[in-house]
Amino acid sequence: MSDARLKQEVSMKKTGRLSKAQEHLLGMDIEITRRDFINAALIGTGALLLDLPSPAALFAETHEIDGYGGTGDYAVSHGNMDAQRQAAHSHFGNLDKAPENAIDTGEVYDFLIIGGGFSGLSAAFEIKNHYFRERSCLILDNHDITGGHAKRNEFEIGSYKLYGPQASNSFMALSRPSQPGYDIYNRLRLPSNFNYQEMEKGLNPLQFDKTNYGFMLWYDDPSIGHHIAPFVKKGSRSPDQMWLSDQWGKNFKDAPVPPQMKKDFVSWRTSQEQYYAKGDYLRWLDSITYKHYIENIMGLNPRVTKYADPVLASSVGLGCDAISAYAAYQVDMPGFRNFKVLQSLRESDWHSFPGGNDGIARHLVKALIPDAISGERTFPEIMNSRVNFDAMDRSENKTRIRLGSTAVWVEHDGQPKDSEYVMVYYQKDGKIYRVKAKKAIVTSGAYVASKIVSGLPQEHREAYGQFHRSPIMVVNVALNNWRFLYKLGLTACRWFGGFGFSCNIKQPMLVAENHPPLHPDYPAVLTFYIPFYYPGAPLKEQGSTGRAELLNTSYYDYEVRLRKQMVMLFGSAGFDPGRDIAGIIFNRWGHAYVSPQPGFYFGRDGKSAPRDIAKKDFGRISFANAEHNGHQNWVSAAEEGVRAAKQAMGVI
Ligand SMILES: Cc1cc2nc3c(=O)[nH]c(=O)nc-3n(C[C@H](O)[C@H](O)[C@H](O)COP(=O)(O)OP(=O)(O)OC[C@H]3O[C@@H](n4cnc5c(N)ncnc54)[C@H](O)[C@@H]3O)c2cc1C
């Protein structure tokens, strides 16, 4: 199939259902992918559909949102699933008092934690460490598996088991007590040395990012490519000349852009200047957007901002026009003192477990409930063993995890200041239950807390009103082979316009018997981070527009767009979607990141910062989530969880 022919046949616009011939060109009629997909769609929509005539099944297929979820324990939960969205939307914001006719479970816990992500799991871990077996703790999570944003996708391709991150991806090995997060990392007995698969001798020695992140901006390397089609005059280059590699390493020497623009790009990445000399430097950064910083303070071309937008949005949800310059500084964007680019992907000291930070979340679960992951408490067993769902919620355990349970209402049993209990109402399997606890820790994020916590003080409400969430989608594409990338001499790339902006194959970590291949003729996972941002629109509107787009686009439409994009990028290097794609999982995160606007960190107009207010207890209820830090990573989420647990235990 020629690239030109495909482009002619399939326009890049959203077209609804394609013709059979167009689907064939995109490889969408290939047996394995479609069979897996339709099975998932039918399970998700109810077994009744099995009996429906084909037009109805077709309708279900083209409107299905969740789609294929891969294999293994995480297949049921990839991103925000339709079931959780329905449970949330039928209650959140619709209740003004506790649901009537709730079934009283009769349980009374010392602590009840809402949310089984890093914050919730770490809060429980802190409580368990402090009280050992004396106090009881129940975690409610609305998904069917723990981890929050730290979950994996699994694929089985031939004899290979391959993983990709559903969202949270990279971490640093922590070996010094002075490093943030060291305490919990160490107590979880996470290793500090890791082994990675290497390419066979005799092959062109490409370099790989060990994560799915750094290549976006932080490394110069010949294995990182830029697709420059939008900057090239029509007909002046053939499709395979559209790739430039190591552009940062070469200071954009070959890029088809004016010399001043090249200079601006280089200044952005190399400037070590501090543009503000007074003592309140960080507060000053938090008073302006990163766009203002790049264009007005550094005096650079708006193209630099455009280049930075998707990278920043992949870390905090939105682009430079919306985000505080302090947030950009916090997530290590260029333009600030101490920003450092590494000269080769080899130099990286960042790691990623095969399924991303699910590796850390699994260690937390194992430490809380030893039987919840089968096998010994060793690194390989925690990583490679099956989840034992039956063990999560056993009455004989002091710490319990109740999955598929959406908290819909939380209230004090009386006046907050002199009540003895908190009542938590949750929906599970279509029924509403009520459970009692002496203390509650809400780790679900402000967007949920503000809707389910009854009587929340005005100060909290106002603070929560300033936590604006934005979506992101993470796509893992299982490839039967990646010879097309090898032919281009690339393992990671960026492009401009179209669907997404970057993707890569990370270097697989070796964990005991799990040895994924690293050879262009063998399977691998290609990962895409797809942010949603709309420069110039108000911040809140950008988040809701992105969410509407993300949650209303069917699996089918996204699959078409992804396949077209891949053909556009890699068709000339021999990529054939029908032959090369083995499976696609879309992980949709409607409220992925809080997007910190100016004033988020230090407050505005003499008022306290919203994140400081949000950390305060309300009666018997404490709050935690990575968003309280602003820089959302596994460490900040865990630290916030520990902080909230200490508040709830009354030890700080
Ligand atoms: C796309 C993406 C990429 C990232 N990459 C990295 C990275 O490379 N490295 C890194 O360190 N960090 C990364 N992060 C950030 C990191 O993963 C998060 O900071 C962390 O996972 C947040 O943990 P949390 O517990 O605060 O929130 P969450 O993970 O959101 O956990 C909250 C939990 O509460 C549940 N919940 C919500 N409402 C309810 C309810 N009403 N009832 C019951 N349960 C409820 C949610 O389903 C979820 O399980 C990334 C995040 C995203 C979104």
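Classify segment 264-365 as rounded, prolate or oblate from the Cα gyration tensor: take a ≥ b ≥ c as the square roots of its eigenvalues, call it rounded if a/c is under 1.5, otherwise prolate when a/b beats b/c and oblate if not.
Taking the square roots of the gyration eigenvalues as a ≥ b ≥ c, segment 264-365 is prolate.
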How would you classify segment 283-426 from its alpha-carbon gyration tensor, with a ≥ b ≥ c the square roots of the eigenvalues: rounded for a/c under 1.5, else prolate if a/b is greater than b/c, otherwise oblate?
oblate
Starting from the amide H of Ile441, placed 1.01 Å from N in the peptide plane, find each other amide H under 5 Å away whose residue is 5 or more places distant or on another chain.
Leu112, Ile113, Ile114, Ser622
When the helices in the chain are scored as -39500 (n - 2.57) per DSSP H run of 4 or longer and the sum is shared across all residues, what 222 nm value do you end up with, to the nearest 500 deg cm²/dmol?
-8500 deg cm²/dmol
What are the ³J(HN,Hα) values, in whole Hz, obtained from phi via the Karplus relation 6.51 cos²θ - 1.76 cosθ + 1.60 with θ = phi - 60°, for each residue of segment 324-341 in sequence order, with x given for Gly and Pro?
4, 4, 5, 5, 4, 5, 5, 8, 6, 7, x, x, 10, 4, 6, 5, 9, 9
For Lys428, which aspartates and glutamates qualify as cross-link partners when the Cα separation must be under 17 Å and same-chain residues fewer than eight apart are set aside?
Asp82, Glu100, Asp104, Glu107, Asp141, Asp144, Asp390, Asp393
Sequence-distant residues sharing a close amide H with Gln166 (under 5 Å, placed H)
Lys151, Arg152, Asn153
Can you give the accessible area per residue of segment 456-571, in Å², using a 1.4 Å probe?
29 Å²
Phi angles of segment 242-248, converted by Karplus (6.51 cos²θ - 1.76 cosθ + 1.60, θ = phi - 60°) into ³J(HN,Hα) in whole Hz with x for Gly and Pro, give 7, 8, 10, 10, 6, 4, 5
Along the charge dipole of segment 183-259, Cβ charges K/R +1 and D/E -1, which of Ala229, Thr211, Tyr185 sits furthest on the positive end?
Ala229
Using a 10 Å Cβ count of at most 16 others and DSSP loop calls, identify the longest part of the chain lacking such GluC sites (Glu not before Pro).
514-652
With the calculation restricted to Cα positions, what are the radius of gyration and Dmax of segment 156-298 in angstrom?
21.0, 61
Cα-Cα longer than 19 Å, checked against Lys262/Lys506; Lys210/Lys262; Lys540/Lys616; Lys20/Lys487; Lys615/Lys646; Lys366/Lys438, kept in input order, equals Lys262/Lys506; Lys210/Lys262; Lys540/Lys616; Lys20/Lys487; Lys366/Lys438
How high is the relative contact order of segment 404-451, in percent, with contacts defined as C-alpha pairs under 8 Å that are six or more residues apart?
29 percent
At 1.4 Å probe radius, can you tell me the per residue accessible area of segment 112-173 in Å²?
29 Å²
Whether segment 434-483 is rounded, prolate or oblate, judged on the alpha carbon gyration tensor where a/c under 1.5 counts as rounded:
oblate
Bins of 10 Å, starting at 0 and running to the largest distance - Cα pair percent for segment 248-319
18, 46, 30, 6, 0
With every protein chain present, what is the per residue accessible area of segment 275-434 (1.4 Å probe, Å²)?
39 Å²
For the chain, what percent of Cα pairs sit more than 33 Å apart?
47 percent
Env charge @ Lys97, Cβ radius under 15 Å, K,R +1 / D,E -1, value -2
Partners for Lys564 among aspartates and glutamates (Cα-Cα distance below 18 Å; same-chain residues under 8 apart left out)
Asp3, Glu9, Glu23, Asp29, Asp240, Asp576, Asp580
Roughly speaking, to the nearest percent, how much of the chain's 1.4 Å accessible area is carbon and sulfur?
49 percent
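The values are calculated or read from the model by the stated rules, or taken from the named source; none is laboratory data. Bear in mind that the values here come from a model prediction, so they are computed numbers and not experimental data. All Cβ positions, glycine included, derive from the backbone under ideal geometry; neighbour counts span all protein chains shown. Just so you know, the surface numbers come from the protein's heavy atoms only, side chains and all, with ligands and any DNA or RNA stripped out. Shrake-Rupley method; radii C 1.70, N 1.55, O 1.52, S 1.80 Å.
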